[in-house]
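Just below is one structure, and these are the notes that go with it.
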Amino acid sequence: MNIRRVVAEHNKDRKREFEETTIPYMNSLYNAALRMARERAEAEGIVQDTYLLAYKNFNKFQRGTNCKAWLFKILRNVFINRYRKNIKSPDTVQYEEVENYYLYNQLTSHQDSSYIDFLKEPGRLEEFIGEDVNSALQGLPDEFKEVVILSDIEGFTYEEISHIIGSPIGTVKSRLNRARRFLQKKLWDYAVKKGLVKR
Amino acid sequence: MKEGKFLIKDLILLPKKMYYMFFKRHAMITCEEAAQRLYEYLDGELSPADYDKIKLHLELCRNCCQRFEFEEILHTIIRDKTKSDKLPPSLKDKILKELEVKE
């Protein structure tokens, strides 16, 4: 066997291993990219760049460690570089603080007592807000949106999220808390706008 | 007390102060503290000891219990409703081809 063939064989193996390890996460990566970038063409570009970068750095990936989190970390960097924008730290940006149990409080304190039924019937609550969940999520600031995507959609643990976004776990916790309360306010605002509830 | 053995009758003989310490360790948390840990609870991120504290609080506090139940339902709805879009089939082919070129 000449050396060229050995190298070719090695490359083939490496490529096969890369594909087997990373392709299963393509759908998740695409969805996260689509939610962050909003446009299909943009999302496709981000995922493409992510895979090229991941392939280039595949030797740095430690086998047996969390590949999905590794890919999401790359995706995040691609996203940030592409738009030359930093996902600002919400701790330095002023956002309206939303109280705990916002939606619950709105529903229970409302004059029309029929809203209390939402608390007893999950089906009605789902009808009430279900269709707006995606638009509400879309409307969140990037730094809130990303933690909700990572936690609620992708099911990453706080520790994994902390690794992906490069912030301490305490930050992940408080950001998720604020993001979810913010999301509840958005859901309530949608309901009001659609005339489902009266202010 | 014999080494390594712990009998109920020993427990009965414990001084009052030690009972107090036991209950203080497992003591009620406030409603505010429970609210702060709501999402850690729902995300399954609490340590067993903290989880028990929240559970105990919820068993004893009707207000918090109702709110937690509501939040749990809402949390499930949000997770169910953010279903994923389908991956465009052309994208996978495109990426695989690009990797080919990179070799």
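The values are calculated or read from the model by the stated rules, or taken from the named source; none is laboratory data. All values derive from a computational prediction rather than experimental measurement. Methodologically, a virtual Cβ is constructed for each residue, glycine included, from the backbone with ideal geometry; neighbour enumeration extends over all protein chains shown. When the accessible area is computed, the model is the full protein with side chains, heavy atoms only, and any ligands, DNA or RNA have been set aside. Shrake-Rupley method; radii C 1.70, N 1.55, O 1.52, S 1.80 Å.
Quick notes on this structure:
- Residue in the stretch A:160-199 that is nearest to A:GLU131 (Cα to Cα), counting only those that are hydrophobic (A, V, I, L, M, F, W, C) and in a loop (DSSP other than H, G, I, E, B): A:LEU196
- From the options B:GLY4, B:GLY44, residue that is part of a loop (DSSP other than H, G, I, E, B), on the phi > 0 side of the Ramachandran plot and at pLDDT 90 or above: B:GLY44
- Yes/no for B:LEU96 being at the interface with another protein chain (Cβ under 8 Å from one of its Cβ atoms) and outside any loop (DSSP other than H, G, I, E, B): yes
- Selection status of A:PHE118, out of contact with any strand residue (DSSP E or B) (no Cβ under 6 Å at 6 or more places or on another chain), modelled with pLDDT under 95 and within 20 Å of B:CYS65 (Cα to Cα): yes
- Check on B:LYS86, closer than 30 Å to A:GLU17 by Cα, more than 7 Å from chain A (Cβ to nearest Cβ) and either out of contact with any helix residue (DSSP H, G or I) (no Cβ under 7 Å at 6 or more places or on another chain) or free of Cβ contacts under 8 Å to residues at least 12 places away in the same chain (or both): yes
- Residue check, B:GLU69 at pLDDT 90 or above, open to solvent by 100 Å² or more (accessible area, probe 1.4 Å) and over 30 Å from A:TYR30 (Cα atoms): yes
- Test: residue in the stretch A:25-41 that is touching a residue at least 40 places away in the same chain (Cβ under 8 Å) and open to solvent by 40 Å² or more (accessible area, probe 1.4 Å): yes
- For the stretch B:50-62, taking the residues that are more than 14 Å from chain A (Cβ to nearest Cβ) and open to solvent by 60 Å² or more (accessible area, probe 1.4 Å), the one that is nearest to A:THR157 (Cα to Cα) is identified as B:TYR51.
- Filtering the stretch A:139-164 to residues that are within 11 Å of chain B (Cβ to nearest Cβ), of a type outside the set (D, E, K, R) and buried (at least 18 other Cβ atoms within 10 Å of the Cβ) leaves A:VAL147, A:VAL148, A:ILE149, A:SER151, A:ILE153, A:PHE156, A:TYR158, A:ILE161.
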